[in-house]
Amino acid sequence: MHAKAKFYQKSVDRFQVAATSMLIMNSEEKPTDAQLVVQTLAGEHESFGCLFDRYAKMVRAVVGRVSLDWSTVEDLTQESFLRAFRKLDQLREHERFGSWVVGIARQVARERKRTLSRDRHQFVGDSTETISDSSLEMSEVGETDDLKLLMKSLETLSEQEQLAIHAFFLQERNANQAAEILKLSRSGFYSVLKKAIAKLALLVQLDSRGEGVKR
Amino acid sequence: MKCLSHEQLTQRVLGMEIDARLNAHIDGCADCQARLAHLESFADQLSAAHEQYDRGHNVARARLLASLPTVKEKSRPVRTGQTILFWFGELNMKQRFALSGMSVAVLLGLCVLLLNPSSQSVSAMELMRANLAKAKSYKMKMIQEVSFVRKPGEAPSKSTMTGAWYWKAPGSVRMDMKATDPKSGMNNTNLHPFGKPGIQIDHKTKTFTRSAARRGHMSPIMMLEGLKKYTGKADKELGAKTINGKKVLGYVIDTKKIDPNAERFGPTELWIDAETHLPVELKLKMNSPVTPVTLSFVDFKWDAKFDAKLFDITPPKGYVDATPEPRSPAEMAKSMAAALKLYAELSGGHYQRVKIVYGESIRDDMVEMAGLKGQPLSKMVTNETYEKIMDVSRGTATISMVLRDNEDAAYYGLTVGPKDKDKVLLRWKTGDNSYYVIYGNLRDESVTPGRLRALEGR
């Protein structure tokens, strides 16, 4: 091809590529939870995988409050999502999948806690102490002493405060999404969260000074 | 004024609004600043501590999906009829009469709506939306026509690319695009499995490049995502005709109603199957200042079964990996800044004023601002300003790529200008505890998440 013709052809090709790149547009839209639920109900399991991607960490944090070890956390997480999958057609408000599956996880955690306290074959001792130790087990791999102290101190907070902290940090500090998961208003959520973080910061500070804490 | 409590300082760390007097106190109190810095660091530690919950995620996901088909069981159906009768029976006579009256009124209202012709397009759109939401996959043919004038006085020429497009829920995409003109030889495959790294294959040069997982979404219009959410009615009804032996109904919709950020698009002409209410053809024009583009999406096949290899990102045998070496954030910022600087010069002092940057729109805007819109090719490609625009095209492509692919990128051209030396114009996440920022005056630096939140006033 003649050099000039080649040059023009290259420019035209560039226009085509530019036009195609306009098609591959950035959009801040990802499939909504409601869309993923509808697709799952239509038989598309990959969509349920996406819901798992969004909420697995929060579910792990919820069930991790009563876990003995990481494999148990994983089992309880699987159980929570399997229950959610089985009952998915009962979820009326598809956009509330997040708070709904967290509710299921809390139920699974409660059942597990009851089982643990009833199991005569397993030494449980003071159940609070055992659960604290198990949290350490979960967090000890590759974690520093500071982080261990942090996670242990988290257990001294109320359930709602713990969930607020987990939801906030696992939703990448998006307060709106975190509030939705916990079915709180934005202001209500912030009210719980700021108290929780302030309390926790003080506890960790006092602990690290070896001053002990009134719990 | 006494120092702030832990709780008050935490409000600031969380980005909540606090009284201006309290902010002023922090700015002037070394003790409060030290405590605030400690709290910000503490919040970052909490963030880091939560990363443990990501352990083994991919394995757990695969395990869950593998077990799904064996446990899915239909829950016992609610016997709606019996439930309603039971509930109705619980009402007193007055309540039953009131409810019956309301029901009749609603029914009459529905009849008026349904008989109203303008309501028919609303129904068709609603049915289309409902069926699109359930679709598990589709394939279609895309025809992209670019029109241009080579030399002054010449009749316009056309360059056509055709492509096979495949979509699989929840968002995997494959595009096989080929130029019809043999002189071009363009022949590309773009593969983007949902949430996973992608690959772009150039069959002409026998090379491929790998790309990061797309966090953003494909064009809401092109991938019909916008139509899934469209709740309005059509602007015009085109009546019925036959396409490939199927009866179809035609509608015209202002594309900006489907996607408010689609500045450069003309109206969308849509033909939907009268039976399935799924799209059969879609046409629209893109008014790019470089060249106008006509797009046609035809031959839709819905819920088609795809070979598993269709979204396999293994490159063809013998193809060379041309994936460029990753650049440092500073290098990326330098090329982006060059593009943004030229844009500000051409625009008379502002950056692209959009909420979302689409594709190469920054470059296209510059071509238009340089007065090159509609120019013959021979004049455009030899124009000095056009050459400058092409010189910074790496920067425009980098901006587009970062905003598309990064997990936490943002652009604030709508509100930030070249004089805003302390305001964030563009930023993206570079690590667990770091972001890279380009300010309004185009200086750049790496910042912590806490610092970024303070800069963005969160």
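Out of all the residues in the range A:17-40, is one or more modelled with pLDDT of 90 or more, buried (at least 19 other Cβ atoms within 10 Å of the Cβ) and facing chain B (nearest Cβ under 7 Å)?
no
Of a type outside the set (D, E), closer than 26 Å to B:T255 by Cβ and in contact (Cβ under 8 Å) with a residue 40 or more places away in the chain: is that true of B:Y351 in this structure?
yes
Kindly indicate whether any position in the range B:378-388 is away from every other protein chain (no Cβ under 13 Å), free of Cβ contacts under 8 Å to residues at least 40 places away in the same chain and under 27 Å from the mean Cα position of the chain (by Cα).
No.
Tell me, please, whether a residue that is of a type outside the set (S, T, N, Q), surrounded by fewer than 18 Cβ atoms within 10 Å (Cβ to Cβ) and more than 10 Å from every other protein chain (Cβ to nearest Cβ) can be found in the range B:162-171.
yes
So A:S158 clears everything in (1) more than 27 Å from A:F52 (Cβ to Cβ); (2) modelled with pLDDT under 90 except one condition, right? Which one?
Tallying (1) more than 27 Å from A:F52 (Cβ to Cβ); (2) modelled with pLDDT under 90, A:S158 fails exactly one: (2).
Considering every residue within the range B:203-218, establish whether at least one is under 18 Å from B:K283 (Cα atoms), assigned to a loop (DSSP other than H, G, I, E, B) and in contact (Cβ under 8 Å) with a residue 12 or more places away in the chain.
Scanning the range B:203-218 turns up at least one residue that is under 18 Å from B:K283 (Cα atoms), assigned to a loop (DSSP other than H, G, I, E, B) and in contact (Cβ under 8 Å) with a residue 12 or more places away in the chain.
Can you report the number of residues in the range A:44-86 which are assigned to a loop (DSSP other than H, G, I, E, B), at the interface with chain B (Cβ under 7 Å from one of its Cβ atoms) and within 13 Å of the chain's Cα centre (by Cα)?
Adding up the residues that qualify gives 0.
Looking only at the range A:58-77, count every residue that is surrounded by fewer than 19 Cβ atoms within 10 Å (Cβ to Cβ) and over 17 Å from A:M151 (Cβ atoms) and tell me the total.
2
How about the range B:182-193: which of its residues are in contact with a helix residue (DSSP H, G or I) (Cβ under 8 Å, 6 or more places away or on another chain) and more than 24 Å from B:P324 (Cβ to Cβ)?
Selection gives B:K183 alone.
To keep it simple, each residue is scored yes or no on (1) more than 18 Å from A:A201 (Cβ to Cβ); (2) more than 11 Å from chain A (Cβ to nearest Cβ); (3) buried (at least 16 other Cβ atoms within 10 Å of the Cβ).
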residue	(1), (2), (3)
B:K2	yes, yes, no
B:S5	no, no, no
B:D19	yes, yes, no
B:D44	no, no, yes
B:H50	no, no, yes
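Search the range B:344-388 for residues being among the small types (G, A, S) and modelled with pLDDT of 85 or more, and hand back the single one that is surrounded by the most Cβ atoms within 10 Å (Cβ to Cβ).
This residue is B:A370.
Collect the residues in the range B:391-400 that are surrounded by fewer than 17 Cβ atoms within 10 Å (Cβ to Cβ) and not acidic (D, E), keeping them in residue-number order.
Result: B:R394, single match.
State whether the residues of the range B:362-377 include one that is within 14 Å of chain A (Cβ to nearest Cβ), in contact with a helix residue (DSSP H, G or I) (Cβ under 7 Å, 6 or more places away or on another chain) and free of Cβ contacts under 8 Å to residues at least 12 places away in the same chain.
No.
Test B:M332 against the criterion of being surrounded by 20 or more Cβ atoms within 10 Å (Cβ to Cβ), closer than 25 Å to B:D202 by Cα and at pLDDT 90 or above, and give yes or no.
The answer is yes for B:M332.
Quick check: anything in the range B:418-433 in contact (Cβ under 8 Å) with a residue 60 or more places away in the chain, within 12 Å of chain A (Cβ to nearest Cβ) and not in a strand (DSSP E or B)?
yes
Among the candidates B:K241, B:K228, B:K285, B:K301, which residue alone is of a type in the set (D, E, K, R), part of a strand (DSSP E or B) and buried (at least 16 other Cβ atoms within 10 Å of the Cβ)?
Of B:K241, B:K228, B:K285, B:K301, the one residue that is of a type in the set (D, E, K, R), part of a strand (DSSP E or B) and buried (at least 16 other Cβ atoms within 10 Å of the Cβ) is B:K285.
The values are calculated or read from the model by the stated rules, or taken from the named source; none is laboratory data. These figures come from a predicted structure and were not determined experimentally. Every residue, glycine as well, gets a Cβ built from its backbone with ideal geometry; the counts of neighbours run over all protein chains shown.
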